[in-house]
1. Just a yes or no: is a residue in the stretch 173-182 under 11 Å from the mean Cα position of the chain (by Cα), within 16 Å of ligand 2 (Cβ to nearest atom) and in the same structural domain as residue 136 (by TED's automatic domain parsing)?
2. Is it fair to say residue 99 is out of contact with any helix residue (DSSP H, G or I) (no Cβ under 8 Å at 6 or more places or on another chain) and more than 13 Å from residue 171 (Cβ to Cβ)?
3. Suppose we filter 23, 17, 51 for residues that are within 15 Å of residue 152 (Cα to Cα) and within 16 Å of ligand 2 (Cβ to nearest atom); which single one remains?
4. On the given criteria, is residue 60 in a strand (DSSP E or B) and either within 16 Å of ligand 1 (Cβ to nearest atom) or in contact with a strand residue (DSSP E or B) (Cβ under 8 Å, 6 or more places away or on another chain) (or both)?
5. Of everything in the stretch 52-72, what is modelled with pLDDT under 95 and under 15 Å from residue 29 (Cα atoms)? Give them in sequence order.
6. Is the stretch 174-195 home to any residue that is within 16 Å of ligand 1 (Cβ to nearest atom), at pLDDT 90 or above and in contact with a helix residue (DSSP H, G or I) (Cβ under 6 Å, 6 or more places away or on another chain)?
7. Could you figure out which of (1) in a loop (DSSP other than H, G, I, E, B); (2) under 20 Å from residue 182 (Cβ atoms); (3) near ligand 1 (Cβ under 8 Å from one of its atoms) isn't true of residue 1?
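The values are calculated or read from the model by the stated rules, or taken from the named source; none is laboratory data. Model, not experiment: these values are computed from the prediction. Quick reminder, even Gly has a Cβ in these numbers, built from the backbone with ideal geometry, and neighbours come from all protein chains shown.
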Ligand code: ADP
Ligand code: MG
């Protein structure tokens, strides 16, 4: 499997605040990755670091096989991380022609890219006449002009109406189906579910889960547990290889399973380790519940 991007313990501190903490994951060619997390969880900071517009504090990342400099590698990366910046009195086509000139790339693909984002019939309309969704689509066309290996999008549907959101998601799917790797940041679970094959869930800069979106859906469920010695309960749970994240919310301990485990096995494992449970409940939840669980949000 060809590697596009590797992060290894990447960390960003802003003074006392750790915006991204020891983040590691790998992006392979041909997949659609979502970095999912609530606002302020470090998604944009992560994208900024790998795009070399935010200085990392520690850790590493490298593009492709790591042989080229970041500067050289980024020529094969298309990214939209800020609001699209085009000239209002120039047409869509003129704006893209200018981008080609500035970046020193051939302008023969302008119409092809306008077609992909559904703006070919508006190529001679001035940018200022465009809706927010059209502006975003033009930005995508612009990022595709040099046929990048990977397209990076930060909250691609923010601020758009439902139709605009739908159009952008369709375009992302189409670009992915043609073989371009995609990395997008989103705080929207359903967006990630709808367009991504893989997800990295972060909260407060830390990775909580990474893996295939469909495997996350088919999770092995989790246990809700209570016992008088919570500290001991938690430390024993984290030592078990089948158990992933363990959280404690007002005395109710949640242990997410990474492998199948039945209630009897859990109960006897804990008993053998000196824990007598006062409560045990095995649950399996929807992806939405899992996400809320993982990111500690409430659905109400
Ligand atoms: P997200 O994109 O997931 O919403 P960000 O990466 O923008 O999150 O921000 C992560 C954290 O870092 C937030 O707490 C944010 O306030 C903080 N942060 C981001 N940029 C700066 C900056 N330039 N200076 C100080 N703090 C920042
Ligand atoms: Mg952001």
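1. Within the stretch 173-182, none of the residues are under 11 Å from the mean Cα position of the chain (by Cα), within 16 Å of ligand 2 (Cβ to nearest atom) and in the same structural domain as residue 136 (by TED's automatic domain parsing).
2. It is false that residue 99 is out of contact with any helix residue (DSSP H, G or I) (no Cβ under 8 Å at 6 or more places or on another chain) and more than 13 Å from residue 171 (Cβ to Cβ).
3. 51
4. yes
5. 65, 66
6. Yes, the stretch 174-195 contains a residue that is within 16 Å of ligand 1 (Cβ to nearest atom), at pLDDT 90 or above and in contact with a helix residue (DSSP H, G or I) (Cβ under 6 Å, 6 or more places away or on another chain).
7. Of (1) in a loop (DSSP other than H, G, I, E, B); (2) under 20 Å from residue 182 (Cβ atoms); (3) near ligand 1 (Cβ under 8 Å from one of its atoms), only one is false for residue 1: (3).
Condition check ((1) assigned to a loop (DSSP other than H, G, I, E, B); (2) within 18 Å of the chain's Cα centre (by Cα); (3) free of Cβ contacts under 8 Å to residues at least 12 places away in the same chain; (4) within 16 Å of ligand 1 (Cβ to nearest atom)) across all residues:
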| position | (1), (2), (3), (4) |
| --- | --- |
| 46 | no, yes, no, yes |
| 54 | yes, yes, no, yes |
| 65 | yes, no, no, no |
| 74 | no, no, no, no |
| 84 | yes, no, no, no |
| 89 | yes, no, no, no |
| 97 | no, no, no, no |
| 112 | no, no, yes, no |
